[in-house]
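Okay, so here's the structure we're looking at.
The values are calculated or read from the model by the stated rules, or taken from the named source; none is laboratory data. Note that this is a predicted model, so its numbers are computed, not measured. Positions of Cβ are generated from backbone atoms using ideal geometry, with glycine treated the same way; all protein chains shown enter the neighbour counts. Protein only, heavy atoms only, side chains kept; ligands, DNA and RNA dropped before computing areas. Shrake-Rupley method; radii C 1.70, N 1.55, O 1.52, S 1.80 Å.
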Amino acid sequence: MDPNPTKFPILSYVMSKLPSIGPKRTAADEFDIEQPQPLPQPPKEPHFDITERMPHLTDPKVIAAMNSAVADVSQTRSMLKTLGERPDHELVDTAKMKLAEIEANLSKRLEEVVLSPRPPEMEREDWRSDLAVKEDECRKAVEKEKEEYKALIALDELHEAYEKMLKDAERRLEKIYETAVAGGDVEALEQALGEKSSEFKEEMNEEVIAILQEASGKRVERVDLSGRQLRMLPEAFGKIRSLIVLNLSNNQLAVIPDSISSLENLEELHLSSNLLESLPDSIGLLFSLKILDVSGNKLITLPDSICHCRSLVELDASVNKLSYLPTNIGFELVNLKRLSLSLNKLRSLPTSIGEMKSLRLLDVHFNELHGLPRSFGNLTNLEILNLSNNFSDLTELPDTIGDLINLKELDLSNNQIHELPDTFGRLDNLTVLKLDENPLVIPPKEVIVEGVEAVKAYMIKRRLDILMAEEPQIMLEEMGQTPTGLVTRSTSWLSGAVSNVFGTVAGYLGGGGKSDADHYLNQQL
């Protein structure tokens, strides 16, 4: 478990000096230091005389810099102690063979399921559903069978990674020592290598290990490891299947392990303010997940598998580098109520977003949106919409925005919108409207300064004026006419119009029906 002092002399020496790693002295040891007990003494390690060959190792500044440089090694070492010794090579090879056999058997079993004949008494649709259930059961049984072998291989890979980490740490320590010998600034070198405080990392390490140990003995539902400068999350976290809330925000995580998919009861996952460039595809297996916060990372895309998290109610992916969303995200996340996508690089929203009928809040400010899909009007439960700060990219809104009958707050500031849609006046529940920094012509500025009610009233009147102006044209178009065809209007239309006039006059004069003139005029026409 500890680094071999023959292969890693400096690292072994430095780790022996760390209080949380080196040998602990008891009170009895202190008392009998001049007259030691006749107990068997451990053999002297090769690094015992290393200070004679490398005297600068006794410099407190050098040791402090080196302590910081081996913090990652000590963290992984503690993890490995929790998980156990490295499995031998034969066991690992056997596990890999078993996995291959299980996969081969799965293919055969699935083939048998698919090729099984349909019972004559069973309907085709029922038969297909039955096949799907059997296939799912096969896959689940196989995954359970594979768990033990996969865990063994993962442990071996972790030990392999630890060996590589030891080599890297030894080279780093050699560089620090060479700098000290040359009279250079050791502290500056440590900062250049990007190392952090070893004391804080050791405290964090103990906390992580304590959580894993606690979870092995009892049910753990909530884990808060926010702000611990974590750089890696152990695969072993996937074994805490009772977890409901996991908070890993404000750390330095660059990767989330695939084992997170085993947290079948997880409802809240907080990953904000880390260094994530992607999320694992396995996140789609978190079927119970309701809240996912991945804001403040470096995500370029969201995995398509996120669409399978159909229980999601809140998704915050703001402050990332997203340029698009999964095409089917709206078709799948139908329970989503809050979607925050601000400060990204989105140029458009997928048409499927109109299927998010449960959506209450949508925040897409500070993006590069060129417009909204017409399906946007289907979001009839939307209450808060922030489209601000899309700057020169957002120049117009679809007329379907008037269908957002429950919209209460709308922020359109800092865009290039010249005209609000004619349907805007239908937003009866709108109480907050921000239109600053737009070159709006309709409505004019003097209306905008009067507030949201004045804007709605103006747009309603404008809509009515347009409809009244268009009505004659619409009537003509419905009858297949154009303005130039007035001279050749049909006899039947004229007959009907004149008949209506006579009927109306007769009504005013007290007649109960059409006059005889109706019949006569119709004949003449």
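Some notes on this structure:
- Residue, nearest to Val92 (Cα to Cα), within the range 109-153, restricted to residues that are open to solvent by 100 Å² or more (accessible area, probe 1.4 Å) and acidic (Asp, Glu): Glu148
- Options Leu57, Leu83, Leu39; residue that is buried (at least 16 other Cβ atoms within 10 Å of the Cβ), over 36 Å from the mean Cα position of the chain (by Cα) and at pLDDT below 75: Leu57
- Subset tally (residues that are in a loop (DSSP other than H, G, I, E, B) and under 20 Å from Asp363 (Cα atoms)) for the range 396-455: 22
- Complete set of residues in the range 168-183 that are in contact with a helix residue (DSSP H, G or I) (Cβ under 9 Å, 6 or more places away or on another chain) and not aliphatic (A, V, I, L, M): Asp168, Glu170, Arg172, Glu174, Lys175, Tyr177, Thr179
- Residues that are open to solvent by 20 Å² or more (accessible area, probe 1.4 Å) and closer than 16 Å to Asp293 by Cβ within the range 234-271 comprise Ile244, Asn247, Asn250, Glu267, Glu268, His270, listed in sequence order.
- Annotation note: Cβ proximity below 6 Å between a residue of the range 381-406 that is assigned by the TED database to the domain that holds His418 and a residue that is hydroxyl-bearing (Ser, Thr, Tyr) and open to solvent by less than 40 Å² (accessible area, probe 1.4 Å) (sequence gap 6+ or interchain) occurs for Ser388/Ser413; Asp399/Thr423; Gly402/Thr423.
- Filtered by the rule that a residue be open to solvent by less than 10 Å² (accessible area, probe 1.4 Å) and more than 27 Å from the chain's Cα centre (by Cα), the range 392-423 gives Gly402, Ile417, Leu420.
Here is a yes/no grid of residues against (1) over 17 Å from Asp393 (Cβ atoms); (2) modelled with pLDDT under 95; (3) buried (at least 21 other Cβ atoms within 10 Å of the Cβ):
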| residue | (1), (2), (3) |
| --- | --- |
| Lys337 | yes, no, no |
| Lys345 | no, yes, no |
| Ser348 | no, yes, no |
| Thr351 | yes, yes, no |
| Lys357 | yes, yes, no |
| Asn367 | no, yes, yes |
| Gly371 | no, yes, no |
| Gly377 | yes, yes, no |
| Asn381 | yes, no, no |
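- Within the set Asn335, Asn328, the sole residue that is out of contact with any helix residue (DSSP H, G or I) (no Cβ under 6 Å at 6 or more places or on another chain) and touching a residue at least 12 places away in the same chain (Cβ under 8 Å) turns out to be Asn335.
- Against the test of being closer than 26 Å to Asp465 by Cα and of a type in the set (Phe, Trp, Tyr), the options Phe391, Phe331, Phe424, Phe366 yield a single qualifying residue, Phe424.
- Residue list for the range 325-350, filter: closer than 17 Å to Gly371 by Cβ and under 12 Å from the mean Cα position of the chain (by Cα): Leu325, Leu341
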